[in-house]
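Comments concern the structure below.
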Amino acid sequence: MLGSLLLTEDDTKHLKNYELVTQEEGVGDVLNALDRVDRYALDLETTGLDWIRDTIHGICLATHDREWYVTHGAAKAIIPGLSEIVNNPNKVMIGHNLKFDFHFMERHGMRCTNFLDTMIAQFMIDENQRLSLKEQAFLQMGLDERLPGFKDLLGATKTVSY
């Protein structure tokens, strides 16, 4: 079902250098790129909202010039190397509503101490504004086109799959 979702090039034009990583073989390239930067963005896709029972289904990662969606067998394979990056106090993790992601990450030995949560930052600026990631992408970055969701990322046609 997820594989049948296809996006046009117009739908993915905001994705600059996006790669879909589904196999273990692609994990090393992602980790090497993350190792070379001092800050990165992370967002988890989970099978549900219950951090005790549900699991990580996919991991969205980005640097200033690259973007990855790591899922299927690659998501499980990237966790040990990603733990080293997340636990590194010299690297800054950027995310939105990181408290949610931290619950899932802690189950895998990941404990980030150097982070910027854009949801908290926006709340500090204006607690009356809507704080959802899609709303903030529109307000802060002017992204008025439809942002891809989890299912969209799996079906994007502008991807490199390992």
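The values are calculated or read from the model by the stated rules, or taken from the named source; none is laboratory data. What you are looking at is a predicted structure, and each value in this text was computed from that prediction instead of being measured. No Cβ is skipped: glycine too gets one built from the backbone with ideal geometry, and neighbour counts run over all protein chains shown. Ligands, DNA and RNA are stripped out before the accessible areas are found, and what is left, the full protein with its side chains, is counted by its heavy atoms. Shrake-Rupley method; radii C 1.70, N 1.55, O 1.52, S 1.80 Å.
If you check residue 33 against the conditions, is it assigned to a helix (DSSP H, G or I) and at pLDDT 55 or above?
Yes.
I need the full set of residues from the stretch 17-48 which are polar (S, T, N, Q) and open to solvent by 30 Å² or more (accessible area, probe 1.4 Å), in order please.
17, 23, 32, 46, 47 - these are the residues of the stretch 17-48 that are polar (S, T, N, Q) and open to solvent by 30 Å² or more (accessible area, probe 1.4 Å).
Give the residue, chosen from 94, 52, that is surrounded by fewer than 18 Cβ atoms within 10 Å (Cβ to Cβ), in a loop (DSSP other than H, G, I, E, B) and at pLDDT below 95.
Criteria check complete, one pass: 52.
Residues are listed down the side, and each one gets a yes or a no for (1) open to solvent by 10 Å² or more (accessible area, probe 1.4 Å); (2) part of a helix (DSSP H, G or I):
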| site | (1), (2) |
| --- | --- |
| 59 | no, no |
| 65 | yes, no |
| 75 | no, yes |
| 81 | yes, yes |
| 89 | yes, no |
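Checking the conditions here, which among 45, 19 is modelled with pLDDT under 95, touching a strand residue (DSSP E or B) at 6+ places or on another chain (Cβ under 6 Å), under 20 Å from residue 118 (Cβ atoms) and part of a strand (DSSP E or B)?
Answer to the check: 45.
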